[in-house]
Amino acid sequence: MFRGKKYRDAVKMYDKANLYDTAEAMDLVVKTATAKFDETVELHVKLGVDSRHAEQQVRGAIVLPHGIGKEQRVLVFAKNEKADEARAAGADYVGDADLVDRIQKENWFEFDVVVATPDMMGTVGRLGKVLGPKGLMPSPKAGTVTPNVAQAVEEVKAGKVEYRLDKTNIIHCPIGKVSFGAEKLIDNFNALMGAIIKAKPAAAKGQYIRSCTVASTMGPGIKINGAKLSLSLLNN
């Protein structure tokens, strides 16, 4: 694959084979980000589980200390007073069957997170085939199916992110922007990794954190020492 000069120069700043501690890794992520825009920093964690088995699923949500640096557009499926609560909490779009029709007929997806009250899930279920593949289907585990829609909206706006395994047993999740600087990225990283480690399924055997990499949008991947990380976060 052809790589530009900036990327090739960035690669020279670190050792691809080395496993860095968290502070070094975040410092390198900031230094190797050379794009003209404020790049997103993502965490990629491969776990020693098998996502094909329900008892080995790893999924949840957490409010990051410094948010993710992006304004999340929230769509809420709710009726009556719950709809009013959602609007008061700052939801961008609120409705019920009308929004289902809009998504189905207009292929409308101008939102980042979907929240629903439990009584609306029968209606929202009609969107499973389109919301599911995009990772937008609301879920009780992620706190996006709840009677307390106001709190759910406020948490998303404050920087709540959902983490979940893909089919290759890897979690991909944003932890902020390059402009945050290393210290804030470390705080967000530790919060997210702490949640992932605590969510280890009882059925998981052997090494849980198989690999851990952070990278900016256009930058190279920086590997973090997962074994050392697990011990430090569990002891905190």
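Which of the residues belonging to region 25-56 are touching a residue at least 24 places away in the same chain (Cβ under 8 Å), open to solvent by 60 Å² or more (accessible area, probe 1.4 Å) and farther than 26 Å from Ala158 by Cα?
Lys46, His53, Glu55
Under the condition of being in a helix (DSSP H, G or I) and open to solvent by 40 Å² or more (accessible area, probe 1.4 Å), which residue from region 187-208 is farthest from Val45 (Cα to Cα)?
Asp187
Select from region 116-135 the residues that are part of a loop (DSSP other than H, G, I, E, B) and either among the basic types (Lys, Arg) or free of Cβ contacts under 8 Å to residues at least 24 places away in the same chain (or both) and list them in ascending order.
Gly132, Pro133, Lys134
For Ile170, state whether it is open to solvent by less than 70 Å² (accessible area, probe 1.4 Å) and in contact with a Leu (Cβ under 8 Å, 6 or more places away or on another chain).
yes
If a residue has to be of a type in the set (Lys, Arg) and within 10 Å of Val178 (Cα to Cα) to count, how many in region 29-60 make the cut?
1
Is it the case, given these coordinates, that Pro138 is more than 21 Å from Gly67 (Cα to Cα) and part of a loop (DSSP other than H, G, I, E, B)?
no
Can you find a residue in region 95-102 that is outside any helix (DSSP H, G or I) and open to solvent by less than 10 Å² (accessible area, probe 1.4 Å)? Step through it out loud before you land on a result.
Initial filter on region 95-102 (outside any helix (DSSP H, G or I)): 95-96.
From the residues that got through so far, the ones that are open to solvent by less than 10 Å² (accessible area, probe 1.4 Å) too are 95.
Within region 95-102, one or more residues are outside any helix (DSSP H, G or I) and open to solvent by less than 10 Å² (accessible area, probe 1.4 Å).
The values are calculated or read from the model by the stated rules, or taken from the named source; none is laboratory data. Keep in mind the model is a prediction, meaning the values are calculated, not measured. Cβ atoms come from the backbone with ideal geometry, glycine included; neighbour counts cover every protein chain shown. Accessible surface is based on the protein model in full, side chains and every heavy atom, while ligands, DNA and RNA are left aside. Shrake-Rupley method; radii C 1.70, N 1.55, O 1.52, S 1.80 Å.
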